[in-house]
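S.K.: My structure is below; once you've seen it, I'll send some questions.
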Amino acid sequence: MMNNSRLLLVVLLTSSLIIFAPKTLFAENGVLPTIITTHPILLELTTHEAIVISSDTDFEVFPGTGTAEDPYLIEGYNITTTDFNGIYIRGTTKYFVIRNCYVDAGINGIYVDDASSGTAAVVNNTCDNNDYGIKLESSGNSTVTNNNCSNNGRCGIRLESFGNSTVVNNNCNNNLYGIVLDDSNRSMVANNTFTNCGLYISEDNIDAYLLYTVENNWVNGKKLGFYTNLDSTIISESVYGQLILINCTLVTVHNQILNNASTGLFLRYCTYLDIINNTCNNNLYGIVLDDSIRSTVANNNCNNNYWGIVLDSSVNSTVTNNICDNNDWSGISLWSSNRSTVANNNCSNNLYGIFLQYSAFCIITYNLLQENEKYGVYLFPGSDNNFIHHNNFVDNNLGGTSQARDECTNNYWYDIETLEGNYWSDWTGTGNYPISGSAFSVDLYPLDEPIEYIVVMSTTDETQIYFTFILLIVVVPLLLTKLFSRKNE
């Protein structure tokens, strides 16, 4: 029979394992917001030329006095113009409201720059077919609400270099990005709906991200998941249209369908993530792992994006068993992501199959790189001391002199232990294979036959994930008991 001290040890160990078992995150129900549909009807609006206001006195042609209680009112106009800006307001101190206008301009529909804090309100406008529908810069404590911003070339709504603003109840459809907030922390983003686009937030540090309130937004009829500080959590419910994770540790994200959302899955300042078995198609970015370490991106489909999978400043990570086809730029990109491994992926029919920039000491192996318009693998300057071997290069850069390019130093295009290189479909069968680029690299040991890939099965089933913890909870105490018993014999 165990003595009290041993019994206590077993209980404590078992309890700790239960406590640290991963949680499964279930999305809150939320309510799909009802956007007020009283947007301006063109026939009921007054046709007006582009409006430019660069001083407080320029407001005086509009009703109002410029106070908080009686703001200047720019309302009821149809502004369809080839000018850069439909409504441009800059450097003002008076309160104003832009309301019930239709704006279609060359670059910016509504552009507010350097307005005094709390003075700008943009309400119930339709801003279509611009480059930016609504753009506010350096104008804090502003309100952007109940606008319809669709079919804009870059962004429906963009807030930059200010905070404490409210972006609520807007409808953003068919933009490259729906809403972008850049250096605009302490802002609220709530009750917005996105179709074929999504939300993007860019800040320079963790603390700034944590100051946002992001709630009850919807992407393609599904919840927009914005989570911070998650620990030991499983996200498996396929209820999200877009997922953004900030400062999370030991999180598994799997079985998500995140299509047509600007950026399907965005992860920043995270550690020890498992991104497994997700589908991220038809976005600008499929999956982005930014400023994160020691994570795994495996068994995902990232097709028909601009970039399929991107690791940005994310070291010691692994990208494996993914299908990244038909992306406009690259299947897989590593930017400043040293000591990472890219293995067993299918990167076909992209501009570049695998693209490295300022990423050193990486391993690229057992990938299929086929029919990419430019190079199967492109090592951009700053990507040194990498190992590229046992890949299949098939019909990349047709009409060019090489299927890969190397602009760096000390990269090895073969396994230095086995002296085996890569398969090149255009290799003549004798001698080495020259690699294009200023490095004048060569594959000294080209392979005669294509590589047969080892398929690694995914372990995303929750029963498999929890099985490890159950084993630890049950087996470890038994082993410890046996160990103590032997020591006392």
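Only the coordinates and a few stated rules stand behind these numbers; no lab work does. Since the structure is predicted, the reported quantities are computational estimates derived from the model, not experimental observations. Cβ atoms come from the backbone with ideal geometry, glycine included; neighbour counts cover every protein chain shown.
S.K.: If a residue must be over 24 Å from the mean Cα position of the chain (by Cα) and of a type in the set (Lys, Arg), how many such residues does segment 108-167 contain?
M.R.: So the count comes out to 0.
S.K.: Follow-up. Kindly evaluate Ile179 against the criterion of being part of a strand (DSSP E or B), out of contact with any Asp or Glu (no Cβ under 9 Å at 6 or more places or on another chain) and under 20 Å from Tyr227 (Cα atoms).
M.R.: Taking the combined requirement at face value, the residue satisfies it.
S.K.: For segment 106-152, name all the residues that are among the aliphatic types (A, V, I, L, M), within 17 Å of Leu176 (Cα to Cα) and not in a strand (DSSP E or B). Reasoning before the result, please.
M.R.: Residues of segment 106-152 among the aliphatic types (A, V, I, L, M): 107, 110, 112, 115, 120-123, 134, 136, 144.
This time we only want the ones that are within 17 Å of Leu176 (Cα to Cα), so: 107, 134.
Matches in segment 106-152: Ile107 only.
S.K.: Please determine, by comparing only the residues of segment 252-269 that are more than 13 Å from the chain's Cα centre (by Cα) and buried (at least 22 other Cβ atoms within 10 Å of the Cβ), which one is farthest from Trp218 (Cα to Cα).
M.R.: Step by step, filter segment 252-269, then rank; the result is Thr252.
S.K.: Is one or more of the residues making up segment 319-330 buried (at least 20 other Cβ atoms within 10 Å of the Cβ) and more than 21 Å from Cys362 (Cα to Cα)?
M.R.: Yes: segment 319-330 contains one or more residues that are buried (at least 20 other Cβ atoms within 10 Å of the Cβ) and more than 21 Å from Cys362 (Cα to Cα).
S.K.: Can you tell me how many residues within segment 59-74 are of a type outside the set (Phe, Trp, Tyr) and either surrounded by 17 or more Cβ atoms within 10 Å (Cβ to Cβ) or closer than 11 Å to Ile98 by Cβ (or both)?
M.R.: 5
S.K.: Additional query: For segment 269-366, please list each of the strands (runs of 3 or more DSSP E) lying entirely inside it that holds at least 2 residues being not hydrophobic (A, V, I, L, M, F, W, C). Break it down into steps so the answer makes sense when it comes.
M.R.: Numbers: elements: 274-276, 285-290, 296-298, 307-312, 318-320, 330-335, 341-343, 346-348, 352-357, 363-365.
Output list reads 285-290, 307-312, 318-320, 330-335, 346-348, 352-357.
Residue-by-condition table, conditions (1) surrounded by 20 or more Cβ atoms within 10 Å (Cβ to Cβ); (2) in contact with a strand residue (DSSP E or B) (Cβ under 8 Å, 6 or more places away or on another chain); (3) of a type in the set (Ser, Thr, Tyr); (4) within 15 Å of Asp290 (Cβ to Cβ):
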| site | (1), (2), (3), (4) |
| --- | --- |
| Cys197 | yes, yes, no, no |
| Tyr200 | yes, yes, yes, yes |
| Asn205 | no, no, no, yes |
| Tyr209 | yes, yes, yes, yes |
| Val214 | yes, yes, no, no |
| Asn217 | yes, yes, no, no |
| Thr228 | no, yes, yes, yes |
| Ile234 | yes, yes, no, no |
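S.K.: For segment 291-310, which positions are of a type outside the set (Gly, Ala, Ser) and out of contact with any Phe, Trp or Tyr (no Cβ under 7 Å at 6 or more places or on another chain)?
M.R.: If the condition is that a residue be of a type outside the set (Gly, Ala, Ser) and out of contact with any Phe, Trp or Tyr (no Cβ under 7 Å at 6 or more places or on another chain), then Ile293, Thr296, Val297, Asn299, Asn300, Asn301, Cys302, Asn303, Asn304, Ile309 are the ones that fit.
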